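Read the structure below first, then the notes.
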Amino acid sequence: MPLSNEQIKHKLVEKFGEQIADFTEPYGMLTFSAPKELNLKVLNFLYDNPDLKFRFLTDLCAVHYPDQKGSELAVVYHLHNLEDNVRIRFKIFTGVDQPDVYTATGLFSAANWMERETYDFYGINFVGHPNLKRILNVDEMDYFPLRKEYPLEDQTRTDKDDEMFGRGGFEGFGNERTDHGTLIEADKKGEGENII
Amino acid sequence: MHEQHIKLPEGSIEKTTTTLNLGPTHPATHGVFQNILELDGERIVSADQTVGYIHRAFEKIAERRPLYQITPLTDRLNYCSSPINNMGWHLTCEKLLGVKTPKRVDYLRIIIMELARISDHLICNSIVGVDAGAYTGFLYVMQYRELIYEIYEEICGSRLTTNMGRIGGFERNFNDIAFQKIEKFLKEYPRVQQEFENLFTRNRIFMERTIGAGPISAERALNYGFTGPNLRAAGVDYDVRVHSPYSSYEDFQFDIPVGTTGDCYDRFLVRNQEMWQSLSIIEQAYRKVQEFKGTEAEVYHADVPEYYLPPKSDVYTKMEALIWHFKIIMGEINMPAGEVYQSVEGGNGELGFYFISDGGRTPYRLHFRRPCFIYYQAYEELTKGAMLSDAIIVMSSLNLIAGEMDA
C-alpha cells in the first residue's frame with residue numbers, strides 16, 4: 001500500500017509529538033516544520049524509518065521572511081521517497097541574527113553544494129559543513145544577496161540615469177515612483193492600476 | 001648572483017604532485033567552469049571545482065518580474081534543451097494558478113519536449129565522441145539538430161533561447177511547415193541515429209576509452225542527488241515522466257533504459273536508448289495530434305484570460321481585450337498565494353521549480369533545482385585515481401551545462 005500523507009504525519013507525531021507543527025498540504029505535498037535544533041533528528045528519522053525511507057534529497061533552499069521577527073529565515077528541504085514515490089517538504093525557521101543550522105552533509109552528499117549555495121545567498125551558517133564558503137558569488141562579497149533587504153538594482157549607481165528601469169535617483173527599494181515599464185514591489189498588492 | 005629571482009610558493013619544491021588548472025576556458029570543458037586538478041604523474045589525486053562564472057542571479061531577478069517575463073530566464077538554464085525548461089516553468093505557473101490545459105496542448109508540448117531531449121542528448125553524446133577523438137559523429141548528427149532548431153523556429157521564431165509557449169498553451173498553433181518538418185525528422189532521423197550508434201557503440205577505441213571511466217554506484221548516485229540519464233546509467237529507473245507524470249505523459253508507452261555500472265559508456269548507451277524512446281514518444285504524440293479534427297484541431301491554448309494574451313486583432317478593436325493585454329504586459333495581475341513544487345524531466349535530470357507566491361504580482365521566492373549543479377559535486381569522486389584524459393571524458397559524459405549550473 002502506498003504511503004499516504006496521513007501515515008507520514010502520524011509517524012512524525014508519534015515520534016516527535018508537538019514539536020512537529022504546521023502540517024499543511026499545498027497542492028498535495030505534505031509540508032511541516034520543526035524547531036531548527038531538531039532538523040537532523042527529523043531528517044535521520046525520515047531516512048532510517050523502514051516505513052518512511054525518505055532517502056533522496058531533491059532540493060534544499062532558503063526563504064527570507066523579514067517580517068517574521070525571530071524566525072526570519074526558513075530552510076526548506078524537499079525529500080523524496082523513491083520506492084513509494086512520495087514527496088514531502090520540511091521547513092525549519094531560524095532567526096537572522098544567529099542563523100546556525102546543523103548541516104545535512106553527513107546524511108546526503110548532495111547537500112554539500114546545496115548548503116553552500118544557501119549560505120552564499122542567505123547567510124545560513126551550516127554548523128559542521130566541511131567546506132562552507134561561497135559558491136556562485138565572488139568570495140569577496142560581504143553580504144547575502146537574496147535577502148529581501150537588498151534591492152535588485154544597486155540604487156547607489158550614478159553612471160546610469162534611466163527612469164524607465166528604476167534608476168532615476170530614487171531612494172531605495174519600494175520607494176520608486178511608478179512608471180510605465182517598471183514593476184514596483186511596493187505596488188504588488190495594490191488595487192487597480194497605479195500607473196502615472 | 002645567488003639571489004633567487006623567481007619566488008616559488010612555500011613547499012613547492014618538495015611537492016611531488018602537479019597542479020593543473022583545467023578551465024575556466026579550456027576547450028575541452030565545453031563551458032565556463034574551472035577544475036583545479038592535483039596530478040601525480042597523469043593520475044588525478046584531487047579535483048577542486050569552481051563554478052559560478054556565469055552566475056546571473058536569476059532567482060533574484062525573478063522576484064521582480066511577472067510570470068511571463070521569467071520564461072526567457074528559464075531558456076538560459078540548460079540552453080541545449082530550452083523548450084523543456086520553458087514548458088517546466090509554464091507547468092509550474094499552471095499548477096499554481098489551477099489552469100487545466102487541453103489534451104492537444106499537452107501532446108504538442110510533449111512533441112517539442114522530446115525533440116528538445118533528443119537535441120540535448122545528441123550534443124552530449126557526440127561531444128563524448130569528440131573528446132574520445134572521433135569528430136565524425138559530431139559533424140554527422142549536427143544536421144539533425146539543425147532540423148530540430150528549424151522546427152523550433154517554425155513554432156516560436158527562435159532557435160536556441162526559445163521563450164516558447166505561454167501560460168496555458170502556445171502563442172500560436174503549429175503551422176503546416178512545422179508538422180512537415182516533424183514528419184521529415186521522424187522519417188529520416190532513425191537512420192541517422194542508427195548510423196551514429198554504428199560509429200561508436202562497438203568501436204574498440206571508444207569502448208576502451210569509456211568503459212570503466214568515471215563509474216558510480218547506484219547508492220552513491222542517489223546520495224549525490226543524481227537524476228536523469230546519469231542516475232539511470234547507474235541502474236536506478238527514476239524518471240520524472242513516469243513517477244510524477246505531467247503534461248499527459250501517462251498517455252504514452254515508453255521504456256526507461258537503465259545501465260549497470262554508471263560509467264561513461266553506460267551513460268552514453270542510456271542516452272542513445274533514450275533518444276529512441278523519445279522518437280517513439282514523438283511518433284505517438286504526432287499521431288494523437290493528427291486525430292484531432294475540426295475545431296478541436298485548432299485548440300492550442302487553454303482559456304486563461306488573465307495570463308494568456310488576447311489575439312492582436314481583438315486588442316485593437318475590443319475594449320476588454322485591450323485592458324487584458326495591458327494588464328498582462330504591465331504585470332498587474334495578482335496571483336493566488338501558495339507554494340508549489342513542479343519538476344520535469346529535463347535533459348540532465350529532474351529540473352524543479354520551487355515557487356512561493358505571497359499573492360502579489362511577482363514570485364516571492366523562486367528556486368530552480370538544477371540537476372547539473374547537484375551532480376557536478378560528485379566529479380571529484382568520479383575522477384579520483386583516474387587519468388587526466390578520463391577526467392575530460394567524464395566531464396563531457398555528465399553533460400555539464402554551465403548555464404544550468406550557475407543559474
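Just checking, which of B:Ser248, B:Ser244 is of a type in the set (Ser, Thr, Tyr), over 24 Å from B:Arg370 (Cβ atoms) and at pLDDT below 95? Only one candidate passes the filter, namely B:Ser248.
Look at B:Glu345 and say whether it is surrounded by 17 or more Cβ atoms within 10 Å (Cβ to Cβ) and facing chain A (nearest Cβ under 8 Å). Spelling it out, it is not the case that B:Glu345 is surrounded by 17 or more Cβ atoms within 10 Å (Cβ to Cβ) and facing chain A (nearest Cβ under 8 Å). Of all the listed residues (B:Asn272, B:Asn230), the sole one being more than 21 Å from B:Gly165 (Cβ to Cβ), in contact with a Lys or Arg (Cβ under 7 Å, 6 or more places away or on another chain), part of a helix (DSSP H, G or I) and among the polar types (S, T, N, Q) is B:Asn230. Is it true that some residue in the range B:202-218 is in contact (Cβ under 8 Å) with a residue 60 or more places away in the chain, within 14 Å of chain A (Cβ to nearest Cβ), within 28 Å of A:Asp59 (Cα to Cα) and outside any loop (DSSP other than H, G, I, E, B)? The answer is no; no qualifying residue exists.
Quick one: in the range B:380-407, of everything that is among the charged types (D, E, K, R) and surrounded by 24 or more Cβ atoms within 10 Å (Cβ to Cβ), which residue is farthest from the other protein chains (Cβ to nearest Cβ)? That would be B:Glu404. For the subset of the range B:357-379 comprising residues that are touching a Pro at 6+ places or on another chain (Cβ under 7 Å) and within 10 Å of chain A (Cβ to nearest Cβ), which member is farthest from B:Thr74 (Cα to Cα)? If we take residues in the range B:357-379 being touching a Pro at 6+ places or on another chain (Cβ under 7 Å) and within 10 Å of chain A (Cβ to nearest Cβ), then B:Gly359 is farthest from B:Thr74 (Cα to Cα). Of the candidates B:Ile177, B:Ile256, the single residue that is part of a helix (DSSP H, G or I) and in contact (Cβ under 8 Å) with a residue 12 or more places away in the chain is B:Ile177.
The values are calculated or read from the model by the stated rules, or taken from the named source; none is laboratory data. Note that the structure is a prediction, hence the values are computed from the model and not measured. Neighbour counts run over all protein chains shown; Cβ positions are idealised from the backbone, glycine included.
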